[in-house]
1. Could we say that Leu96 is without any contact (Cβ under 8 Å) to a residue 60 or more places away in the chain, of a type in the set (A, V, I, L, M, F, W, C), part of a helix (DSSP H, G or I) and within 18 Å of Arg162 (Cβ to Cβ) here?
2. Quick check: is even one residue across region 90-107 open to solvent by less than 60 Å² (accessible area, probe 1.4 Å), within 19 Å of Ala146 (Cα to Cα), at pLDDT 95 or above and not aliphatic (A, V, I, L, M)?
3. Quick test for you: out of Ala105, Ala121, Ala135, pick the one residue that is assigned to a helix (DSSP H, G or I) and aliphatic (A, V, I, L, M).
4. Out of (1) in a helix (DSSP H, G or I); (2) surrounded by fewer than 21 Cβ atoms within 10 Å (Cβ to Cβ); (3) of a type in the set (A, V, I, L, M, F, W, C), the odd one out for Ala80 is which?
5. Quick check on region 168-184: of everything there that is part of a loop (DSSP other than H, G, I, E, B) and free of Cβ contacts under 8 Å to residues at least 12 places away in the same chain, which residue is surrounded by the fewest Cβ atoms within 10 Å (Cβ to Cβ)?
6. When the residues of region 1-36 are narrowed to those that are more than 26 Å from the chain's Cα centre (by Cα), exposed (fewer than 14 other Cβ atoms within 10 Å of the Cβ) and outside any helix (DSSP H, G or I), which ends up modelled with the lowest pLDDT?
7. Confirm whether Glu199 is at pLDDT below 95, part of a helix (DSSP H, G or I), of a type in the set (D, E, K, R) and surrounded by fewer than 17 Cβ atoms within 10 Å (Cβ to Cβ).
8. Take the residues in region 112-140 that are aliphatic (A, V, I, L, M) and farther than 21 Å from His155 by Cα; name whichever of them is most open to solvent (accessible area, probe 1.4 Å).
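The values are calculated or read from the model by the stated rules, or taken from the named source; none is laboratory data. Please read these numbers as outputs of a predicted model, since none were measured by experiment. Cβ sites come from the backbone with ideal geometry, for glycine too, and all protein chains shown count toward neighbours. Note: areas computed on protein heavy atoms with side chains; ligands, DNA, RNA excluded. Shrake-Rupley method; radii C 1.70, N 1.55, O 1.52, S 1.80 Å.
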Amino acid sequence: PRLGLSARNALGRALAVARRSDEAWAALAPALTAHPEHARVVAAAAYVLAGRGERERAQALLEARTEALPHEPLLLLELARIHAQAARWEEALAALATAAETSPADPVLQLERGLAARALARFDTAIEALTASLAARPGDARALIALFSTQIETHALEGAARTNADIDAAGLVSPDIDALRARFFVEALAGASGVASLEAAVGRSPEDGSL
């Protein structure tokens, strides 16, 4: 059956996530040919191309379309991801900052903006972006862990205490969280709690020499 534009986008992305990149491109290429001006199609095509290892082609496709749509979040998010994959964090953060101006409540944009800011040691920006991400999507594990880690690194202990409570409320459990809690409790001079968290982390990952 013939697929509509939205269906082709969804199918292409789903196939790309499943690492069936050739099939993903076959699904999206006709849509890109027919609608090269469509931001959602271009973003999906770039996502698939990047997954096929064709990052330069994906970047060129996105940059050409962002000339006409310089504030389109869909395009800027995919462009930022390509920059991030190449550790071009300044470029990634710039693209995400522009996108966030248009869609400040988008949890994915704010999460990735926070991670890019963390990579550049811009911790105030990271905390602001990660907090915005969690306001839109409470309980998100990646955002909570990144925020908790950033707050501990910057000795923002009151904020870290709130994030620790949010992690509890979300029911998140992992060796990474145990290790972060150990650092937090030690920083907060709650030594016994820190030791308990560290013991829990070692129990979950006894082979981890860093613990």
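1. So Leu96 fails the test.
2. Keep residues of region 90-107 that are open to solvent by less than 60 Å² (accessible area, probe 1.4 Å), which gives 92-100, 103, 106-107.
From what is left, the residues that are within 19 Å of Ala146 (Cα to Cα) are 92-93, 96-97, 100, 106-107.
Checking the rest, the ones that are also at pLDDT 95 or above come to 92-93, 96-97, 100, 106-107.
With not aliphatic (A, V, I, L, M) added as a condition, the list becomes 106-107.
Yes, region 90-107 contains at least one residue that is open to solvent by less than 60 Å² (accessible area, probe 1.4 Å), within 19 Å of Ala146 (Cα to Cα), at pLDDT 95 or above and not aliphatic (A, V, I, L, M).
3. None of the other options fit; the residue is Ala135.
4. (2)
5. Residues of region 168-184 that are part of a loop (DSSP other than H, G, I, E, B), as a first pass: 171-174.
Next, only the ones that are free of Cβ contacts under 8 Å to residues at least 12 places away in the same chain stay: 171, 173.
Working: Gly171: 8, Val173: 12.
Among those that are part of a loop (DSSP other than H, G, I, E, B) and free of Cβ contacts under 8 Å to residues at least 12 places away in the same chain, it is Gly171.
6. Among them, the one singled out is Pro1.
7. yes
8. Here the residue is Ala135.
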